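Trainee: Below is a structure I'd like to ask you about.
No value in this document is a laboratory result; all are computed from the given coordinates. Everything numeric here is computed off the predicted structure, so don't read it as measured data. A quick note on method: Cβ atoms are made from the backbone with ideal geometry, for glycine too, and the neighbour counts reach across all protein chains shown.
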Amino acid sequence: MPDHQHHFKYNERERLKLQDPRSILKSIGLKKGMTFIDLGSNDGFFTLPAAKIVGEKGKIIALDIDQEALSKLTQKLKKEKINNTITILGPAEKSLPFKNIADIIFLGTVLHDFKDPAKVLKNSRKMLKDNGLIYDFDWRKIKSKLGPPFEIRLSQEEVKKLAQEAELKIKSTDIINDLFYEVKLKK
Ligand SMILES: C[S@@+](CC[C@H](N)C(=O)[O-])C[C@H]1O[C@@H](n2cnc3c(N)ncnc32)[C@H](O)[C@@H]1O
């Protein structure tokens, strides 16, 4: 895993100061009973709080290419006795056998990491309910000490173009703070 990813991994407390996953998830409308797909979930910084919010009647799908990260997530889920989450090992570019199931598809600081982000958005569109939300938040395309190298970051404009390619509409886009922006997409 590249250094910039390690930074947050080993400084979860530091990250929590910048990002409160529970309040972010609530602010995008995640509620009891919903289906939530976390693409590039890693070990579950957002997956776990999402699983608690959607509760027993909800469903979570967490996908990542990192086996070790998913094992950690599975351990955490077991420890917390959470049974509403399935983990899938594999690339987000590969189409999954789900259609029109997701209330929210979550892309947390990950779109820039995908080899083919347009394909991931196309797959997301297929899995999204007609009134569902794709929530992408990512590092602003600026030079900052924290975060991935400038060259691999995606600007909001680039995300808009990728969304067009995937036949998705922009619901809104905002700067969150010094480091992050968000883009909300819909069908
Ligand atoms: C920067 S981390 C973000 C993790 C998580 N969303 C969060 O906010 O804590 C990026 C994650 O995406 C995963 N990843 C990278 N390329 C991927 C791909 N093509 N398909 C699925 N996951 C991928 C990595 O293994 C890593 O866990």
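Trainee: Could you give the length gained on full extension between residue 186 and residue 101, defined as 0.36 nm per residue of separation minus the Cα-Cα distance, in nm?
Mentor: Values: separation 85, 0.36 × 85 = 30.60 nm, distance 1.38 nm.
My answer for the length gained is 29.2 nm.
Trainee: Among the aspartates and glutamates, which have Cα under 16 Å from the Cα of residue 184 when same-chain residues fewer than 8 positions away are ignored?
Mentor: List returned: 38, 103, 130, 136, 138, 157, 158, 165, 167, 174.
Trainee: Divide by every residue of the chain the summed helix terms, -39500 (n - 2.57) for each DSSP H run of at least 4, and state the resulting mean residue ellipticity at 222 nm, rounded to the nearest 500 deg cm²/dmol. Walk me through the intermediate numbers first.
Mentor: Values: 7 runs with 63 residues, N = 187.
Taking each H run of at least 4 residues, the total per residue is -9500 deg cm²/dmol.
Trainee: Then there is this: Amide H of residue 171 versus every other amide H placed in the peptide plane: which residues, excluding those fewer than 5 positions away on the same chain, fall under 5 Å?
Mentor: Amide H neighbours of residue 171: 184, 185, 186.
Trainee: Then there is this: Rounded, prolate or oblate: pick one for segment 69-155, where a ≥ b ≥ c are the square roots of the eigenvalues of its C-alpha gyration tensor, a/c under 1.5 means rounded, and failing that, prolate if a/b is larger than b/c, else oblate. Don't skip to the end; give the middle numbers.
Mentor: Working: a/c = 2.02, a/b = 1.26, b/c = 1.60.
Oblate.
Trainee: Over every pair of different alpha-carbon atoms in the chain, take the mean of 1/r and invert it; report that Kirkwood radius in Å.
Mentor: Working: mean 1/r = 0.0606 Å⁻¹.
When all Cα pairs of the chain are included, the Kirkwood radius is 16.5 Å.
Trainee: Determine the relative contact order of the chain: mean sequence separation of Cα pairs under 8 Å and six or more apart, normalised by residue count, in whole percent. Kindly include the intermediate steps, with their values, before the conclusion.
Mentor: Working: 344 pairs, mean separation 32.4, N = 187.
About 17 percent, as a whole number.
Trainee: Report the local net charge at residue 95: Lys and Arg +1, Asp and Glu -1, summed over other residues whose C-beta lies under 14 Å from its C-beta.
Mentor: Spelling it out: positives minus negatives among the neighbours equals +4.
Trainee: Put +1 on the Cβ of each Lys and Arg and -1 on the Cβ of each Asp and Glu in the chain; which of 127, 146, 54 then has its Cα farthest toward the positive end of the dipole?
Mentor: Looking along the dipole axis, the top candidate is 54.
Trainee: If you don't mind, there's one more thing I want to ask. To the nearest 20 Debye, how big is the dipole of segment 3-186 about its Cα centre, given +1 on the beta carbon of each Lys and Arg and -1 on that of each Asp and Glu? Write out the running numbers ahead of the final one.
Mentor: On the way: 35 positive and 26 negative charges, 129 e Å.
Dipole magnitude for segment 3-186 comes out near 620 debye.
Trainee: Arrange the peptides 47-54, 105-112, 165-172 so that the one whose residues have, on average, the most other Cβ atoms within 10 Å appears first. Walk me through the numbers before you get to the answer.
Mentor: On the way: 47-54: 22.2, 105-112: 23.8, 165-172: 13.5.
The packing order, highest mean first, is 105-112, 47-54, 165-172.
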